[in-house]
Amino acid sequence: MGVSPDNAAITVAGLWKIFGSKAEKVLDSEDRHLEPAALREKTGCTAAVRDVSFEVRPGEVFVVMGLSGSGKSTLVRCLTRLIEPSAGEIRIVGEDVRAASPARLREIRRHRVSMVFQHFGLLPHRKVIDNVAYGLEIQGTAKQARHARAAEILALVGLDGYADSYPDQLSGGMQQRVGLARALAVEPEVMLFDEPFSALDPLIRRDMQTEVIRLHREVGKTMVFITHDLSEALKLGERIAIMRAGSIVQLGTAEELVGAPADDYVADFVRDVPRSHVLTLRWISRAPEEGEPLDGPALPAATLIKDAIGVASSSRPIRVVDGEKLVGVVDRVDLLAFLSGQEAA
């Protein structure tokens, strides 16, 4: 399901990034469609982002996922021209980023978009509060006002009481919270996350993922999140774009990726995901058969299959509903067939 580019927080259309001395020549030739190894051998160039198009809705958490070398980090850096794209269109909240002058581009980076990187980039000789307020300082905000805003954001990310600490006195997870706070302090319209938690211990990483979900619920920012970790993508993403060799091979909800992978590459990615933990009743509901009773329990169509199993003990089928509307029914046989891997047609 798409979104009108006019209403999108981010619009990307026909985006290319080719590295190498012959990049322009390659872009204007059919060579750009060669497989990565063949392109390098023939031209010495690398097509890191290949004809990528997508829209991000206002307030959406949009995840770009792929293995190392898939082009995902290059893509996110192209959005604010930290890496200059070779071709294509980028609009952030309607503004043409590629047409922006250097001065305007600095304004976009300072006011409209914040980035959170894997390496936190904190200033070691500045206190936490001054690290959080740094973007506001660059904007020219007075010290009292920026410290007041920074203190407010520190409380939001659970770092109340650490304003006067220095970064090296904090754990990795706490340092990343400071990075989050710094990104939020400037009140950006869009937040870009480039594998921000990949260097953290697994337990801290899970805590930070939960923190991002909580913050998104509270502040509602548009977020683009880059990761190579499928469980992170499934946990965070309202929609997920899977990249391979610079291209998006599938874009959809977690349910769409797990339930209907576009090709063997995506199927391989999602093979070990417990399907009942991702797919909903909508996925397996069916039209009621003639004479089938419709007085059983009702569950919303968005209910995860695993959460419906306990309800299906009744001999009556579960009515799958969307508000007042009956979407279909699911009975114990349907659920057991799904769970045993023999999905009902």
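Select from segment 129-175 the residues that are open to solvent by less than 50 Å² (accessible area, probe 1.4 Å), β-branched (Val, Ile, Thr) and more than 27 Å from the chain's Cα centre (by Cα) and write down the one among them that is modelled with the lowest pLDDT.
THR141
I'd like to check which helices (runs of 4 or more DSSP H) are fully inside segment 128-209 and have at least 3 residues that are at negative phi and without any contact (Cβ under 8 Å) to a residue 40 or more places away in the chain.
Result: 143-156, 172-185.
Among the residues of segment 8-48 satisfying the criterion of being among the hydroxyl-bearing types (Ser, Thr, Tyr) and open to solvent by 50 Å² or more (accessible area, probe 1.4 Å), which is nearest to LEU79 (Cα to Cα)?
THR46
Contact list please: Cβ distance under 7 Å, first residue in segment 56-68 and under 30 Å from PRO36 (Cβ atoms) and open to solvent by 20 Å² or more (accessible area, probe 1.4 Å), second residue of a type outside the set (Val, Ile, Thr) and assigned to a loop (DSSP other than H, G, I, E, B), pairs at least six apart or on different chains.
These pairs meet every condition: LEU67/HIS228; SER68/HIS228.
Keeping to segment 105-114, report how many residues are open to solvent by 40 Å² or more (accessible area, probe 1.4 Å) and within 20 Å of ASP194 (Cα to Cα).
Selection size over segment 105-114: 5.
Here's the yes/no breakdown for (1) under 23 Å from LYS17 (Cβ atoms); (2) open to solvent by 50 Å² or more (accessible area, probe 1.4 Å); (3) among the aliphatic types (A, V, I, L, M):
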| site | (1), (2), (3) |
| --- | --- |
| LEU203 | no, yes, yes |
| LYS221 | no, no, no |
| GLU232 | no, no, no |
| VAL249 | yes, no, yes |
| THR253 | no, no, no |
| LEU257 | no, no, yes |
| ARG271 | no, yes, no |
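Within segment 61-70, is there a residue that is touching a strand residue (DSSP E or B) at 6+ places or on another chain (Cβ under 8 Å) and more than 23 Å from VAL249 (Cβ to Cβ)?
So far as segment 61-70 goes, no, none of its residues is touching a strand residue (DSSP E or B) at 6+ places or on another chain (Cβ under 8 Å) and more than 23 Å from VAL249 (Cβ to Cβ).
Test each condition in (1) surrounded by 19 or more Cβ atoms within 10 Å (Cβ to Cβ); (2) basic (Lys, Arg); (3) within 21 Å of VAL56 (Cα to Cα) for ARG214 and report the one that comes out false.
Unmet condition: (1).
Hey, among the residues in segment 73-82 that are open to solvent by less than 10 Å² (accessible area, probe 1.4 Å) and not β-branched (Val, Ile, Thr), which one's nearest to GLU232 (Cα to Cα)?
LEU75
Before we move on, is GLY291 of a type in the set (Gly, Ala, Ser), surrounded by fewer than 20 Cβ atoms within 10 Å (Cβ to Cβ) and under 14 Å from LEU339 (Cα atoms)?
No; evaluated as a whole, the condition is false for this residue.
Answer with yes or no whether ARG182 is open to solvent by 50 Å² or more (accessible area, probe 1.4 Å) and within 11 Å of VAL157 (Cβ to Cβ).
Considered against the rule, which asks whether it is open to solvent by 50 Å² or more (accessible area, probe 1.4 Å) and within 11 Å of VAL157 (Cβ to Cβ), ARG182 comes out as yes.
Quick check, is GLU107 part of a helix (DSSP H, G or I) and either over 16 Å from ILE10 (Cβ atoms) or free of Cβ contacts under 8 Å to residues at least 60 places away in the same chain (or both)?
Yes.
Filter segment 232-264 for residues that are among the hydrophobic types (A, V, I, L, M, F, W, C) and more than 12 Å from the chain's Cα centre (by Cα) and give the result.
Answer for segment 232-264, where residues must be among the hydrophobic types (A, V, I, L, M, F, W, C) and more than 12 Å from the chain's Cα centre (by Cα): MET243, ALA245, ILE248, VAL249, LEU257, VAL258, ALA260, ALA262.
The values are calculated or read from the model by the stated rules, or taken from the named source; none is laboratory data. The structure presented is a predicted model; accordingly, all values stated were derived computationally and were not measured. When we count neighbours, we look across all protein chains shown, and the Cβ atoms used for this are built from the backbone with ideal geometry, even at glycine. Each accessible area value is taken on the protein alone, full model and side chains, heavy atoms only, with ligands, DNA and RNA left out. Shrake-Rupley method; radii C 1.70, N 1.55, O 1.52, S 1.80 Å.
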